[in-house]
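K.L.:
The structure under discussion is supplied below as structure tokens; questions concerning it will follow.
The values are calculated or read from the model by the stated rules, or taken from the named source; none is laboratory data. In this text the structure is predicted, and so the values were computed from the model without any measurement. With ideal geometry, Cβ positions are generated from the backbone for all residues, glycine too; neighbour counts draw on all protein chains shown.
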Amino acid sequence: MSSETTKGYFIKDEEAVIGLPMRLTVSIVIGSIVLLSILTLMFNPCLFPKPLLVSISPQLMTIQGLEPENISFLVFVNDTKGIPISGAVVIIKGLGGAGMGFSDDRGSTVISLQVQLGQGTVEGYLDVSVKAPCHFSFEGKDFLKVVRGDG
């Protein structure tokens, strides 16, 4: 085939050549926005998280001696209307120990951990972290106090 014969098979269209990259760019931008929206909903299913209330008993724990000691805390997790939140992850850590638990249908859990106050130290503090689906996280730095008793 000669070059003149092949010219008849291809139609030259300048607008299509210029418009193709523009259409492709617009498609990529729209696709990226849709993908980002889907991923956001997958990893954060709640667009408007609610606050939660955390109560822990006791807030002051007394231990004896220099040896590590096991202590326990009763934790309640509720929403602002007082409805218990089940499945909340509760972590208490500090003073060389850490404990974790999940709240039950009553919104409660017992967290046990081993703590130790060093030589010459009469008090220390524990951090509390609570996370529940569709709720704001609670972070309490130095939230619980541990003291050495006269013993």
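K.L.:
State all residues of region 113-132 that are among the polar types (S, T, N, Q), in a loop (DSSP other than H, G, I, E, B) and surrounded by 14 or more Cβ atoms within 10 Å (Cβ to Cβ); if no residue qualifies, say none. Steps first, answer last, please.
P.N.:
Residues of region 113-132 that are among the polar types (S, T, N, Q), as a first pass: 114, 116, 119, 121, 129.
Applying the additional criterion that residues be in a loop (DSSP other than H, G, I, E, B) yields 116, 119, 121.
Gln116, the sole residue that qualifies.
K.L.:
Out of region 47-84, which residues are in contact with a Pro (Cβ under 8 Å, 6 or more places away or on another chain), closer than 18 Å to Ser137 by Cα and surrounded by 11 or more Cβ atoms within 10 Å (Cβ to Cβ)?
P.N.:
At the first step, the residues of region 47-84 found to be in contact with a Pro (Cβ under 8 Å, 6 or more places away or on another chain) are 73, 76-80.
Adding the requirement that they be closer than 18 Å to Ser137 by Cα leaves 76-80.
Result: Phe76, Val77, Asn78, Asp79.
K.L.:
Does region 19-28 contain at least one residue that is at pLDDT below 95 and in contact with a strand residue (DSSP E or B) (Cβ under 9 Å, 6 or more places away or on another chain)? Working first, answer last.
P.N.:
So in region 19-28, the residues at pLDDT below 95 come out as 19-28.
Retained after the next criterion (residues that are in contact with a strand residue (DSSP E or B) (Cβ under 9 Å, 6 or more places away or on another chain)): none.
Looking through region 19-28, none of the residues is at pLDDT below 95 and in contact with a strand residue (DSSP E or B) (Cβ under 9 Å, 6 or more places away or on another chain).
K.L.:
Are there any pairs, at least 6 apart or on different chains, whose C-beta atoms fall under 7 Å, with the first in region 83-106 and among the hydroxyl-bearing types (Ser, Thr, Tyr) and the second outside any loop (DSSP other than H, G, I, E, B), and if so, which?
P.N.:
That search, which allows pairs on different chains as well, returns Ser103/Val77; Ser103/Val90; Ser103/Thr109.
K.L.:
May I ask you to verify whether Thr109 is assigned to a loop (DSSP other than H, G, I, E, B), of a type in the set (Val, Ile, Thr) and assigned by TED's automatic domain parsing to the domain that holds Met61? Steps first, please.
P.N.:
Values: assigned to a loop (DSSP other than H, G, I, E, B): no; of a type in the set (Val, Ile, Thr): yes; assigned by TED's automatic domain parsing to the domain that holds Met61: yes.
When the stated conditions are applied, Thr109 does not pass them.
K.L.:
Can you find a residue that is modelled with pLDDT of 85 or more, within 30 Å of Glu123 (Cβ to Cβ) and assigned to a loop (DSSP other than H, G, I, E, B) anywhere in region 68-90? So that I can check it myself, show each step before the final result.
P.N.:
Looking only at region 68-90, we keep the residues that are modelled with pLDDT of 85 or more, and these are 68-90.
If we keep only those that are within 30 Å of Glu123 (Cβ to Cβ) too, we end up with 68-78, 88-90.
This time we only want the ones that are assigned to a loop (DSSP other than H, G, I, E, B), so: 68, 88.
There is at least one residue in region 68-90 that is modelled with pLDDT of 85 or more, within 30 Å of Glu123 (Cβ to Cβ) and assigned to a loop (DSSP other than H, G, I, E, B).
K.L.:
Looking at region 94-112, which of its residues are at negative phi, surrounded by fewer than 17 Cβ atoms within 10 Å (Cβ to Cβ) and among the small types (Gly, Ala, Ser)?
P.N.:
Residues of region 94-112 that are at negative phi, as a first pass: 97-106, 108-112.
This time we only want the ones that are surrounded by fewer than 17 Cβ atoms within 10 Å (Cβ to Cβ), so: 98, 100, 102, 104-106, 110, 112.
Within region 94-112, Ala98, Ser112 meet the criteria.
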